[in-house]
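I have placed the structure first, in the form of structure tokens, so that the comments after it can refer back to it.
The values are calculated or read from the model by the stated rules, or taken from the named source; none is laboratory data. Fair warning: this is a prediction, and the values are worked out from it, not measured in the lab. Virtual Cβ from ideal backbone geometry, glycine too; neighbours counted across all protein chains shown. These accessible areas exclude ligands, DNA and RNA; they are computed on the full protein's heavy atoms, side chains included. Shrake-Rupley method; radii C 1.70, N 1.55, O 1.52, S 1.80 Å.
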Amino acid sequence: SAVISQKPSRDICQRGTSLTIQCQVDSQVTMMFWYRQQPGQSLTLIATANQGSEATYESGFVIDKFPISRPNLTFSTLTVSNMSPEDSSIYLCSGRQGAGTEAFFGQGTRLTVV
Amino acid sequence: AQSVTQLDSQVPVFEEAPVELRCNYSSSVSVYLFWYVQYPNQGLQLLLKYLSGSTLVKGINGFEAEFNKSQTSFHLRKPSVHISDTAEYFCAVSGSYAGTASKLTFGTGTRLQVTL
């Protein structure tokens, strides 16, 4: 499967600031997703990143808080805006070529908000 | 919509012993099923997947899983575990029809702790 490079791998941020996470895939991929994984918990889907159009957000997540860009089929960014300590989590990007294919993941970004 | 239940949050096991990690799913449509492993401070790695065909699926690192449609289960097994298998294991499901197939829904994970 394709390889996703995600950065930064970790960051410590002040509350009220924003952080942009980048994911670069080594080949074109049909679908990209952003997940949040809180410590010791499962993955929660934030949104599907759509190439050339607005992302599709899951219930409980909004564009103003988590703006997403996907300018082409190999790259996407997630911004965590106006951060609070509750945003401390691991953020993962994922790619998938379509139904019947597995998802592959970046290494994750461990975010701590102080 | 789909949902996944992993019944065991933690499974302690001695090295070289067999292990089974349980996964049950719920869906109103046909599904694809996956098991992923997450080592500390890393992303998720695919262990195996069930799409169709044989209900016994073999994956990497000696793991296998059996799809049981009547019991809506997809339990993961390994006949003899190694210390290096210590990790978090996630079961995931997606629908198999267009419109339901793009997103994966994950279970809450099972922490496999292998000791000597």
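For the stretch B:70-91, the criterion of being touching a Pro at 6+ places or on another chain (Cβ under 9 Å) and within 11 Å of chain A (Cβ to nearest Cβ) is met by at least one residue.
Scanning the stretch A:8-37 for residues that are open to solvent by 50 Å² or more (accessible area, probe 1.4 Å), polar (S, T, N, Q) and farther than 18 Å from A:S81 by Cβ yields A:S9, A:Q24, A:Q28, A:T30. Considering A:F61, A:F66, the condition of being more than 14 Å from chain B (Cβ to nearest Cβ) and under 13 Å from the mean Cα position of the chain (by Cα) is satisfied by A:F66 alone. The condition of being under 14 Å from the mean Cα position of the chain (by Cα) and more than 14 Å from every other protein chain (Cβ to nearest Cβ) holds for only one of A:S81, A:S94, A:S9, that being A:S81.
Among the residues of this structure, B:V114 counts as one that is away from every other protein chain (no Cβ under 14 Å), open to solvent by less than 60 Å² (accessible area, probe 1.4 Å) and in contact with a helix residue (DSSP H, G or I) (Cβ under 6 Å, 6 or more places away or on another chain). Residue count for the stretch A:1-38 satisfying the condition of being part of a loop (DSSP other than H, G, I, E, B) and aliphatic (A, V, I, L, M): 3. Of the residues making up the stretch B:20-30, one or more are at pLDDT below 95, under 19 Å from A:E102 (Cβ atoms) and not hydrophobic (A, V, I, L, M, F, W, C).
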